[in-house]
Amino acid sequence: MCWRSRNPDETRALARGLAAVLRDEAEGFVVSLVGPLGAGKTQFVKGLAEGLGLRERYVTSTTFVIANEWPLDGGRLVHADWYRVESEGELEAAGLSDWLEPGTGFVVEWGDRFPDALPADHLRIAIAPCEDDAEARELRAEAGGPRSQAWVAAWRDHAPAEAE
Ligand code: ADP
Ligand code: MG
């Protein structure tokens, strides 16, 4: 599944559409955002958090901590950024197994740096700049298993029409 976003607002709107799908996942979810610096990964997390009922301004780059955590109705959202993480051991020490507990929504920027640390059935979203327009991005969703496949299918129905 692939979308084109024309500006940051559209990227956040796409993420709110995904949140509408994931908010009903009592077991939790794992979403990995990949793409170069400045691609819009944090923008996407802001939209996701907002769609889950958090105020998007709370979400910032997690530059100096590995993860931030917020309570949600019946669960919590953990936002991690693995850009500066050097080893899987560092992740384990910071709370990796706890972040992947059932009931936790886990969204990670640069999740591809430690692919073995994530469960196979997670949703990978690759964000790439477009050469023809400085504000445009291509978002590509790839499911790693049956649960994330169902999220992608449902997300398609929640995505704002103008961003397709
Ligand atoms: P990352 O977390 O991937 O390093 P950020 O989300 O922090 O990137 O920053 C993305 C930057 O690109 C922001 O300044 C945002 O305003 C800008 N931007 C321009 N166009 C888009 C778009 N279509 N989607 C997301 N961000 C965009
Ligand atoms: Mg970021």
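Some notes on this structure:
Okay, residues lined up against (1) hydrophobic (A, V, I, L, M, F, W, C); (2) within 12 Å of ligand 1 (Cβ to nearest atom):
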{"residue": "Pro36", "(1), (2)": "no, yes"}
{"residue": "Val65", "(1), (2)": "yes, no"}
{"residue": "Glu69", "(1), (2)": "no, no"}
{"residue": "Asp81", "(1), (2)": "no, yes"}
{"residue": "Ser97", "(1), (2)": "no, no"}
{"residue": "Gly105", "(1), (2)": "no, no"}
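- Segment 50-62, subset in contact with a strand residue (DSSP E or B) (Cβ under 9 Å, 6 or more places away or on another chain) and more than 13 Å from ligand 2 (Cβ to nearest atom), residue modelled with the highest pLDDT: Leu52
- From the options Glu142, Glu92, Glu101, residue that is more than 19 Å from Gln43 (Cβ to Cβ) and either within 16 Å of ligand 2 (Cβ to nearest atom) or part of a strand (DSSP E or B) (or both): Glu142
- Residue within segment 98-113 that is over 14 Å from the mean Cα position of the chain (by Cα), more than 30 Å from Arg4 (Cβ to Cβ), open to solvent by 40 Å² or more (accessible area, probe 1.4 Å) and free of Cβ contacts under 8 Å to residues at least 60 places away in the same chain present: yes
- The set of residues from segment 27-56 being free of Cβ contacts under 8 Å to residues at least 60 places away in the same chain and under 13 Å from the mean Cα position of the chain (by Cα) comprises Gln43, Lys46, Gly47, Leu48, Ala49, Glu50, Gly51, Leu52.
- Taking segment 33-48 as the range and being open to solvent by less than 30 Å² (accessible area, probe 1.4 Å) and either modelled with pLDDT under 95 or assigned to a helix (DSSP H, G or I) (or both) as the test, the residues that pass are Lys41, Thr42, Phe44, Val45, Gly47, Leu48.
- Filtered by the rule that a residue be farther than 14 Å from Thr42 by Cα, open to solvent by 20 Å² or more (accessible area, probe 1.4 Å) and within 15 Å of the chain's Cα centre (by Cα), segment 3-26 gives Ala20, Arg23, Glu25.
- Any hit, segment 7-26, residues being outside any helix (DSSP H, G or I) and within 24 Å of Pro129 (Cα to Cα): yes
- Among the criteria (1) part of a loop (DSSP other than H, G, I, E, B); (2) open to solvent by 70 Å² or more (accessible area, probe 1.4 Å), the one Gln149 does not fulfil is (1).
- Matching residues in segment 62-82 - criterion: being under 29 Å from Ala134 (Cβ atoms), over 12 Å from the mean Cα position of the chain (by Cα) and surrounded by 14 or more Cβ atoms within 10 Å (Cβ to Cβ): Thr62, Asn68, Trp82
- Gly51 being surrounded by 13 or more Cβ atoms within 10 Å (Cβ to Cβ) and within 17 Å of Leu22 (Cβ to Cβ): yes
- Among the candidates Ala94, Ala39, Ala20, Ala80, residue that is of a type outside the set (Phe, Trp, Tyr) and farther than 16 Å from Gly111 by Cα: Ala20
- Among the residues of segment 19-35, those that are in contact with a strand residue (DSSP E or B) (Cβ under 7 Å, 6 or more places away or on another chain) and either within 16 Å of ligand 2 (Cβ to nearest atom) or over 18 Å from Leu139 (Cα atoms) (or both) comprise Gly28, Phe29, Val31, Ser32, Leu33, Val34, Gly35.
The values are calculated or read from the model by the stated rules, or taken from the named source; none is laboratory data. None of the values given here were measured: they were computed from a predicted structure. Here Cβ is always computed from backbone atoms with ideal geometry, including for glycine, and neighbour counts include all displayed protein chains. The accessibility values were calculated without ligands, DNA or RNA, using every heavy atom of the protein model including side chains. Shrake-Rupley method; radii C 1.70, N 1.55, O 1.52, S 1.80 Å.
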